[in-house]
Structure formats: C-alpha cells, structure tokens
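Comments concern the structure below.
The values are calculated or read from the model by the stated rules, or taken from the named source; none is laboratory data. Note that this is a predicted model, so its numbers are computed, not measured. All Cβ positions, even for glycine, are placed from backbone atoms using ideal geometry, and neighbour counts span all protein chains on display.
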Amino acid sequence: MVANPTLLFPERADRAVRSGPAVSEKLLAVENVSLEYRTRERIVRATHEVSFDVYGGDRFVLLGPSGCGKSTLLKAVGGFIEPSSGTISLDGQIVRGPGADRIVVFQEFDQLPPWKTVLQNVAFPLRVAKKLARAEANERALHYLDKVGLAAFANAYPHTLSGGMKQRVAIARALAMQPRVLLMDEPFAALDALTRRKMQEELLRLWEEVNFTLLFVTHSIEEALIVGNRILLLSPHPGRVRAELNSHQYSHDSFGRNDFQRSVARIHRLLFEETEAAQ
C-alpha cells in the first residue's frame with residue numbers, strides 16, 4: 001500500500017462494504033516505481049517512487065492532471081516500459097514485459113484492423129495468444145460481443161461503427177482474453193458527453209457481470225469517482241502519490257448530491273491547491 005497516504009472517507013475504508021464482485025487477494029503490487037523517458041536534451045522523470053496495490057475485483061483508478069505520468073505508469077504495468085527503479089509484480093511475479101494477463105484498451109478509436117470484421121477482431125487474439133481453435137475462439141468472441149451489446153454487428157467492419165461502438169468492440173476483445181487485469185487508458189476521453197456516460201454505465205454493468213479487475217486512467221475527477229472503487233491521486237509532474245481514497249459509494253445518481261460535490265472539491269484541492277502551496 002501507499003506509504004502514509006491521505007485516506008479520504010476513512011469511515012468507508014472497509015473493503016467489504018461494497019456492491020458487485022467480492023474483492024479477493026492482492027493481485028498487482030507497484031512498489032516505489034520511478035519512470036523516466038529520454039528527450040533530445042535530457043532524461044525526464046515521469047513518476048517518482050509511486051506505490052500502490054490492486055486487489056482482485058478492484059476498479060482502481062489512477063487520477064491526475066496531464067503530465068503526471070499516469071498513462072506512463074499504466075504502460076509500465078502493461079510491460080511496455082521498464083521502471084528506472086522499483087518493481088511491478090503480478091501474482092507475485094515481477095513484470096518483465098507484455099503478456100496476455102494484462103490487456104490494454106486505449107482511447108484511440110482506430111485500435112481495430114479495418115480489414116477484419118468485428119467478430120474476427122475479437123477472435124483473432126484468442127487464436128494467437130490462447131491458441132484456441134477457430135470455433136472455440138468465435139464462440140468466446142460472440143459471448144463477449146453479446147456482453148457489450150454488439151452481437152448483431154459481428155459481421156460488420158470497423159468503418160461502419162461509431163466511436164462508442166468501436167470502443168465496445170475493443171473492450172469485448174480485451175475481456176475475451178480473460179486477463180488478470182484489464183488496463184484502460186482514458187478510453188472514453190474522446191467521446192461526447194452523452195456517449196461517455198453511456199460507456200461508463202456499460203463498463204460498470206460489465207464489471208458486475210464478468211467480475212474482472214480494472215486499472216483505469218483518467219484526468220476527470222467525476223469519472224474517477226463514478227468508475228472507481230479506489231482512487232490513487234497523482235501530483236503534477238513528476239507524478240507522486242498525493243492520496244489514496246475509497247469511492248465505491250458513488251454512481252451516476254450521485255452527481256447532484258452535496259457529498260459528491262464536496263468530494264470533487266476536496267480532490268481538486270489535493271491535486272492542485274495543496275500541491276501548489278507545498279511547492
């Protein structure tokens with residue numbers, strides 16, 4: 001867990017007080033991870049000694065302003081970036097590269113090969129990574145397309161789909177791989193407000209049905225409170241842990257409530273005002 005984090009809503013810190021799939025053992029451990037990347041002029045530190053744990057069934061959100069390293073941290077969990085210091089472990093094993101146990105859904109709509117149908121887009125990774133026969137891969141692909149409400153579009157091509165529908169196909173493809181952790185990097189950021197809300201609702205419905213573990217990146221405080229049951233706040237560049245909080249008590253019905261708005265304001269102060277004062 002985070003060393004001496006600011007824990008908001010301590011009266012709700014009991015992890016058992018929540019709806020949906022039960023939280024299980026610790027699945028992912030990020031310990032004192034610093035991440036760096038090189039520019040022409042210098043080496044830039046993206047995150048500094050970030051630590052957190054994700055448990056099975058969690059909806060864990062990395063929240064922070066642009067440039068805090070949250071997407072870089074997600075890519076490191078995915079195995080695409082090696083930490084300059086610290087460790088990332090999944091099921092007690094150090095992450096040393098990409099793997100089918102961690103699948104990423106990005107915010108770009110064009111994640112789907114345009115020459116493959118929706119069904120083929122979902123089934124192909126199953127045949128390659130899981131080594132399933134065509135019939136078995138298609139059966140599982142159709143199952144998850146049905147979960148995201150797109151079974152009727154199995155034979156359609158990506159260019160005929162809306163942005164939200166393409167994201168649903170990408171989510172179905174990721175869930176069909178049955179990863180240990182589903183990684184989502186601001187997947188709804190480019191959608192209009194109505195579609196974004198619908199996608200958030202569908203993601204939560206899927207979580208209730210499928211019981212997957214989610215690591216979700218966003219810069220929207222409201223989205224973090226609604227999508228997540230636990231949230232890690234990262235300070236502006238370089239990303240450091242500002243606080244960890246519980247948010248399982250919120251839903252879209254919470255938007256107009258005073259406690260929800262107070263939480264939004266408090267998180268904003270933690271992310272910006274208190275950071276500026278410390279600097």
| task | Among the residues of the range 55-69, write down those that are over 15 Å from Val227 (Cα atoms) and touching a Phe, Trp or Tyr at 6+ places or on another chain (Cβ under 8 Å). | result | Pro65
| query | Scanning the range 39-56 for residues that are surrounded by fewer than 20 Cβ atoms within 10 Å (Cβ to Cβ) and within 17 Å of the chain's Cα centre (by Cα), which turns out nearest to Pro238 (Cα to Cα)? | reply | Ser51
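Please tell me if Pro83 is at pLDDT 90 or above, touching a Leu at 6+ places or on another chain (Cβ under 8 Å) and not in a helix (DSSP H, G or I). Show your work before the answer.
On the way: at pLDDT 90 or above: yes; touching a Leu at 6+ places or on another chain (Cβ under 8 Å): yes; not in a helix (DSSP H, G or I): yes.
Taking the combined requirement at face value, the residue satisfies it.
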| task | Consider Lys147 carefully, then state whether it is more than 30 Å from Asp53 (Cα to Cα), within 20 Å of the chain's Cα centre (by Cα) and touching a residue at least 24 places away in the same chain (Cβ under 8 Å). | result | no
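Filter the range 185-212 down to residues that are of a type in the set (S, T, N, Q) and part of a helix (DSSP H, G or I) and give me whichever is nearest to Ala265 (Cα to Cα).
Restricting attention to the range 185-212, the residues satisfying the condition of being of a type in the set (S, T, N, Q) are 195, 200, 211.
Still in the list and also part of a helix (DSSP H, G or I): 195, 200.
Details: Thr195: 25, Gln200: 21 Å.
Here the residue is Gln200.
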| Residue identified as under 25 Å from Lys131 (Cα atoms) and either crowded, with 20+ Cβ neighbours inside 10 Å or among the polar types (S, T, N, Q) (or both) among Gln107, Gln93 | Gln93
| message | Checking the structure you have, find out if any residue of the range 116-138 is of a type in the set (A, V, I, L, M, F, W, C), in a helix (DSSP H, G or I), surrounded by fewer than 20 Cβ atoms within 10 Å (Cβ to Cβ) and touching a Lys or Arg at 6+ places or on another chain (Cβ under 7 Å). | response | yes
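Each row is one residue, and each column tells you yes or no for (1) charged (D, E, K, R); (2) closer than 30 Å to Ser162 by Cα.
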residue: Thr72; (1), (2): no, yes
residue: Thr87; (1), (2): no, no
residue: Gly99; (1), (2): no, yes
residue: Val105; (1), (2): no, yes
residue: Leu112; (1), (2): no, yes
residue: Thr117; (1), (2): no, yes
residue: Val128; (1), (2): no, yes
residue: Glu136; (1), (2): yes, yes
residue: Ala141; (1), (2): no, yes
| note | Residue count, the range 130-141, condition modelled with pLDDT of 90 or more and within 20 Å of Val104 (Cα to Cα), comes to 3
| Any residue in the range 55-73 that is assigned to a strand (DSSP E or B), more than 18 Å from Ile221 (Cβ to Cβ) and either among the hydrophobic types (A, V, I, L, M, F, W, C) or touching a Leu at 6+ places or on another chain (Cβ under 9 Å) (or both)? | yes
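Given the criteria out of contact with any helix residue (DSSP H, G or I) (no Cβ under 6 Å at 6 or more places or on another chain), without any contact (Cβ under 8 Å) to a residue 12 or more places away in the chain and not hydroxyl-bearing (Ser, Thr, Tyr), does Gln107 qualify? Talk me through it step by step, then tell me what you get.
Values: out of contact with any helix residue (DSSP H, G or I) (no Cβ under 6 Å at 6 or more places or on another chain): yes; without any contact (Cβ under 8 Å) to a residue 12 or more places away in the chain: no; not hydroxyl-bearing (Ser, Thr, Tyr): yes.
So Gln107 does not fit the description; no.
Which ones in the range 157-167 are within 11 Å of Leu112 (Cβ to Cβ) and either surrounded by fewer than 16 Cβ atoms within 10 Å (Cβ to Cβ) or among the charged types (D, E, K, R) (or both)? First the steps, then the outcome.
Within the range 157-167, the first condition is being within 11 Å of Leu112 (Cβ to Cβ), and the residues that meet it are 157-159, 161, 165-167.
Of everything in the range 157-167, those that are within 11 Å of Leu112 (Cβ to Cβ) and either surrounded by fewer than 16 Cβ atoms within 10 Å (Cβ to Cβ) or among the charged types (D, E, K, R) (or both) turn out to be His159, Lys166.
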